[in-house]
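The values are calculated or read from the model by the stated rules, or taken from the named source; none is laboratory data. Values in this document were obtained by computation on a predicted structure and should not be read as measured data. Positions of Cβ are backbone-derived with ideal geometry, glycine not excepted, and every protein chain shown enters the neighbour counts.
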Number of protein chains: 2
Amino acid sequence: MRAAVIADGDVTVQERPDPAPGAGEVLVRVRAAGLNGADMLQRRGAYPAPPGSPRDIPGLELAGEVAALGPGAQRFSEGDRVMAIVGGGGQAELCVVHERQLMPVPDSLDWPEAGGVPEVFTTAHDALFTQAGLKPGERLLVHGAAGGVGTAGVQLGRAVGAHVTATVRNEQLRDAVRDLGAHEVLAPDAFADRGPYDVVLELVGAPNIPDSVNALNTLGRIAVIGVAGGFKAELNLLALMGKRGSISSSTLRSRPLEEKALTARAMERSVLPLLARGDVRVPVAETFGLDQVHDAYERFAAGGKLGKIVLLI
Amino acid sequence: MRAAVIADGDVTVQERPDPAPGAGEVLVRVRAAGLNGADMLQRRGAYPAPPGSPRDIPGLELAGEVAALGPGAQRFSEGDRVMAIVGGGGQAELCVVHERQLMPVPDSLDWPEAGGVPEVFTTAHDALFTQAGLKPGERLLVHGAAGGVGTAGVQLGRAVGAHVTATVRNEQLRDAVRDLGAHEVLAPDAFADRGPYDVVLELVGAPNIPDSVNALNTLGRIAVIGVAGGFKAELNLLALMGKRGSISSSTLRSRPLEEKALTARAMERSVLPLLARGDVRVPVAETFGLDQVHDAYERFAAGGKLGKIVLLI
């Protein structure tokens, strides 16, 4: 098979042996694979693949067709359209995925959209609902709303009846975030006196923590899943106690198989129906062929886009 | 009635009008009332009573006998032994309490013990189980374990099958904390390399946060309910994410009636049976009569004790 391969700080296409599915696993013929921030870190050597994943083939999500079933695999049949989060190896013609991590692709999604669904929607859904317990009528603040997870968070918040405030650094992307359903879109320094917020989806990190704590509603929850803006935060414990507030944090990549499978089941139950009827969608900023993988990474790293960069394989 | 009254930074005994129970309320003839840190703050003028509580009569917990029922009150009968957390006013001969905040006093508890139960056990139970979800087999770290809530936390952790590590600043109190059930008792700076901990009960505050985060187990939870050692904490968001950890915080005093009532029901279900059969107990350090309330406050403020200071009224 042909695969994106990371070596010496760059990413190129190389021939690799076809992988074979083990017990309970599925061989997927990959059609689309979204790029994510972790791929950029891995390209720099700063984010090694977890055990069990290909060491030098990047890619944390994929969509494609079932090509073969390993012993005992029974959730899908050959030819089924599937998508998943994987620990690595998604940016290749073939990838082995445990069947319990796979989700069906709704008929209404084309390949570029499907390739960009798993990582951002699973991350946003897990943070907003499993971690922070967002409920209808609550006020949600999404920091870094123009990024992949941010766009998913804004849409999911809107779709469940929350009031959504978004902060976006790039002025030119604010209208697009409003079009996704945010009730108000603010500059990063303008949210403090627009609260109180019941849930804060933190994709920027440390710089927002003091004002986010002060702007929390009673029983407010901050879910930290990104720290691109810095990770050393000042936390006023007395202010947090006054709100009876909480700060949770998480990553998907380090979770064991059974926990990843649970997130896939939560997606099937709560997010795929919204995707299927178009209540939420995956904005795709640009697509690249596998041979253009270097250009795709450069495009991602350049930023300034709204929506996913997706490899078509 | 006679009541402890706070004025000009001191606490004295004064005559006050008897309060009368309203709808759903109960008039309690107070027999014992534990002192708490918040009383010391209120004496200094730093912790005003919440709306609906007597402005200048301190006391956040009480035990006594039902003296009269307000209209519609039906959970208890005259003469029943009851105890409760109150927003204020507990350090007086009479106190009005909503019946849904009252709990029955187990037969095996004498008045000094009963007067010291509500605040520390409700606070510790709420933080350990409702907030942090402590489970059997997990490792619990209690910071400030020689204080009232700390002694309750150590005992509850031990009673539910957790492994309990306690930190205690005062060397002379470490054996007593071990006698309460802690598996190991450490100096405040010695816990960092003895983890990982699944739950941290934080009664000291900011100074412990960096090491507590680093010593968390995967999916570990820090419950902050005291900040006597400082409230401006450094929080490494990346370290917290690496553990998929969380920090919750709370206070009891600011909660609305229905939430306080829920904590009373949780106490009745989960803690009173343990108190009744002696699995957990209230260490009473010293008792004072109401006329000695000034001395009681001075004794509390001096510290160095293990267990509750209780007024007998």
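With the requirement that a residue be under 16 Å from B:Val120 (Cβ atoms), in a helix (DSSP H, G or I) and over 17 Å from the mean Cα position of the chain (by Cα), what does the range B:148-200 give you?
B:Arg158, B:Ala159, B:Leu173, B:Ala176
What single numbered condition from (1) in contact with a Pro (Cβ under 6 Å, 6 or more places away or on another chain); (2) closer than 30 Å to B:Gly88 by Cα fails to hold for B:Ala228?
Going through the list (1) in contact with a Pro (Cβ under 6 Å, 6 or more places away or on another chain); (2) closer than 30 Å to B:Gly88 by Cα, B:Ala228 breaks only (1).
In the range B:52-66, is there at least one residue being in contact with a Ser or Thr (Cβ under 6 Å, 6 or more places away or on another chain), under 17 Å from B:Ala261 (Cα atoms) and not in a loop (DSSP other than H, G, I, E, B)? Let's see the steps before the verdict.
Within the range B:52-66, the first condition is being in contact with a Ser or Thr (Cβ under 6 Å, 6 or more places away or on another chain), and the residues that meet it are none.
No, every residue in the range B:52-66 fails to be in contact with a Ser or Thr (Cβ under 6 Å, 6 or more places away or on another chain), under 17 Å from B:Ala261 (Cα atoms) and not in a loop (DSSP other than H, G, I, E, B).
When both residues are 6+ apart or on different chains and their Cβ atoms are under 6 Å apart, which pairs have a first residue that lies in the range A:236-263 and is more than 7 Å from chain B (Cβ to nearest Cβ), and a second that is surrounded by fewer than 16 Cβ atoms within 10 Å (Cβ to Cβ)?
Pairs that qualify, where the first residue is more than 7 Å from chain B (Cβ to nearest Cβ) and the partner is surrounded by fewer than 16 Cβ atoms within 10 Å (Cβ to Cβ), are A:Lys243/A:Thr218.
Applying the selection to the range B:284-313, what residues are among the β-branched types (Val, Ile, Thr) and under 13 Å from B:Trp111 (Cα atoms)? Spell out how you get there, then give the answer.
Of all residues in the range B:284-313, those among the β-branched types (Val, Ile, Thr) come to B:284, B:287, B:293, B:309-310, B:313.
Residues satisfying the conditions are B:Val284, B:Thr287, B:Ile309, B:Val310, B:Ile313.
Exactly one of these conditions fails for B:Arg29: (1) part of a strand (DSSP E or B); (2) in contact with a helix residue (DSSP H, G or I) (Cβ under 8 Å, 6 or more places away or on another chain). Give me its number.
So the condition that B:Arg29 fails would be (2).
So is B:Gly230 on the phi > 0 side of the Ramachandran plot and not hydroxyl-bearing (Ser, Thr, Tyr) or not?
Numbers: on the phi > 0 side of the Ramachandran plot: yes; not hydroxyl-bearing (Ser, Thr, Tyr): yes.
The answer is yes for B:Gly230.
Looking at the range B:207-226, which of its residues are over 20 Å from A:Arg221 (Cβ atoms) and either at the interface with chain A (Cβ under 7 Å from one of its Cβ atoms) or modelled with pLDDT under 95 (or both)?
Across the range B:207-226, the qualifying residue is only B:Gly226.
Just name the residue that is farthest from the other protein chains (Cβ to nearest Cβ) out of those in the range B:275-287 that are β-branched (Val, Ile, Thr) and within 15 Å of the chain's Cα centre (by Cα). Write out each step before concluding.
Kept after step one, since they are β-branched (Val, Ile, Thr), are these residues of the range B:275-287: B:280, B:282, B:284, B:287.
Narrowing the set further to residues that are within 15 Å of the chain's Cα centre (by Cα) leaves B:280, B:282, B:284.
Values: B:Val280: 25, B:Val282: 24, B:Val284: 27 Å.
This residue is B:Val284.
Select, from A:Ala261, A:Ala206, A:Ala228, the only residue that is among the aliphatic types (A, V, I, L, M), in contact with a strand residue (DSSP E or B) (Cβ under 7 Å, 6 or more places away or on another chain) and within 23 Å of A:Gly37 (Cα to Cα). Reasoning before the result, please.
Working: A:Ala261 fails: in contact with a strand residue (DSSP E or B) (Cβ under 7 Å, 6 or more places away or on another chain); A:Ala228 fails: in contact with a strand residue (DSSP E or B) (Cβ under 7 Å, 6 or more places away or on another chain).
Unique residue meeting the criteria: A:Ala206.
Here's a check for you: in the range B:255-274, which residue that is within 15 Å of the chain's Cα centre (by Cα) and farther than 16 Å from B:Gly133 by Cα is modelled with the lowest pLDDT? First the steps, then the outcome.
Here is the first cut: in the range B:255-274, the residues within 15 Å of the chain's Cα centre (by Cα) are B:255, B:260, B:263-264, B:266-267, B:271-272.
Subset that is farther than 16 Å from B:Gly133 by Cα: B:255, B:260, B:264, B:272.
Numbers: B:Arg255: 87, B:Lys260: 92, B:Ala264: 97, B:Leu272: 98.
Per the criteria, the residue is B:Arg255.
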